[in-house]
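Every number here is computed from the coordinates shown, using simple stated rules; none is lab data. Computed from a predicted structure; not experimentally measured. Heads up, the Cβs are rebuilt from the backbone with ideal geometry, glycines too, and the neighbour counts pull from every protein chain shown.
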Amino acid sequence: MRNPKNITLPVIKIITTINAPIERCFDLSRSIDLHMVSTKHTNEIAIAGRTSGLIELNETVTWRAKHLSVWQTLSSLITEFKAPYFFVDEMVAGAFKSFRHEHHFETQAGSTVMTDLFKYKSPLGFVGELFNTLFLTDYMRRLFEKRNAVIKEYAESEEWRKIIPQSV
């Protein structure tokens, strides 16, 4: 992600420990279907590209959701992928100026540690940076925490079988 003015980009880091195998956590994290479950409060649906199942390298998904009382459309592309340890989605169209969302997975003491790193740039220069500070960073953090809580809930119960029945 280019940053020609060396502006410090907001970074959200969420670490979630899940008592489930790394492969299950990885697959649940890239599940379009589970993403829609975790964002039902925003009425988020996949409308183009990969619209169900497990997203793969070089695939896109376009989401439509209501955030901050406004309907928005956002498309992202999976730009890096190393199962079951890492994948990256990057915005190709949407309300942000840019974003890069890294999903890291590692096994520690029999559990999976899932780390999200979300780096983004808002449009509108100084106004966008002020909006980040006052509201957007906390809003996005809560959105990721809610999403990760759903992934953890599904991974640690038998619910994962409804999403990825052929997986571990």
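Can you show me the helix-derived [θ] at 222 nm for the chain, built from DSSP H runs with n ≥ 4 at -39,500 (n - 2.57) apiece and divided by the number of residues, rounded to the nearest 500.
Taking each H run of at least 4 residues, the total per residue is -7500 deg cm²/dmol.
Apply the Karplus curve 6.51 cos²θ - 1.76 cosθ + 1.60, θ = phi - 60°, to the phi angles in region 145-150 and return the couplings in whole Hz, x for Gly and Pro.
Whole-Hz 3J(HN,Hα) from phi for region 145-150: 5, 5, 4, 5, 5, 5.
In region 77-168, which chymotrypsin sites (Phe, Trp or Tyr not before Pro) are in a loop and have at most 11 other Cβ atoms within 10 Å, using DSSP for the loop call?
Hits after loop and neighbour filter: nothing returned.
Could you list the GluC sites (Glu not before Pro) in region 110-168 that lie in coil according to DSSP, counting only those with at most 12 other Cβ atoms within 10 Å of their Cβ?
Here the GluC sites (Glu not before Pro) that fit, given the DSSP loop and packing criteria, are Glu158.
Springs between alpha-carbon atoms under 10 Å, Gaussian network over the chain: tell me which of Val113, Val70, Val11 tops the mean-square fluctuations.
Among Val113, Val70, Val11, the largest GNM mean-square fluctuation belongs to Val70.
Taking loop as defined by DSSP and a crowding limit of 12 other beta carbons within 10 Å, which trypsin sites (Lys or Arg not before Pro) in region 5-44 fit?
Filter output for region 5-44: Lys5.
For the chain, list log₁₀ I(q)/I(0) at each q in 0.12, 0.13 Å⁻¹, using the Debye formula over Cα point scatterers of equal strength and ignoring solvent, two decimals each.
Each listed q maps to, in turn, -0.53, -0.62.
Compute the relative contact order of the chain as a whole-number percentage, counting only Cα pairs closer than 8 Å that sit 6 or more residues apart in sequence.
With pairs under 8 Å counted, the relative contact order is 29 percent.
Write down the radius of gyration of region 84-130 and its Dmax, each obtained from C-alpha positions, in Å.
Rg, Dmax (Cα atoms, Å): 14.6, 45.
So, in Å, what gap is there between the alpha-carbon centers of region 13-79 and region 96-168?
The two parts, judged by their Cα centres, are 9 Å apart.
Could you tell me which of rounded, prolate or oblate describes region 1-90, using a ≥ b ≥ c as the square roots of the eigenvalues of the alpha-carbon gyration tensor, with rounded for a/c under 1.5 and, failing that, prolate when a/b is larger than b/c and oblate otherwise? Walk me through the intermediate numbers first.
Values: a/c = 1.42, a/b = 1.06, b/c = 1.33.
It is rounded, given that a/c, with a ≥ b ≥ c, falls under 1.5.
Just going by the charge dipole of the chain, with Lys and Arg at +1 and Asp and Glu at -1 on Cβ, which of His104, Phe86, Pro10 is farthest out on the positive end?
Pro10
May I have the count of lysine pairs in region 11-163 with C-alpha atoms under 16 Å apart, counting pairs 8 or more residues apart or located on different chains?
Step by step, the pairs that qualify in region 11-163 add up to 9.
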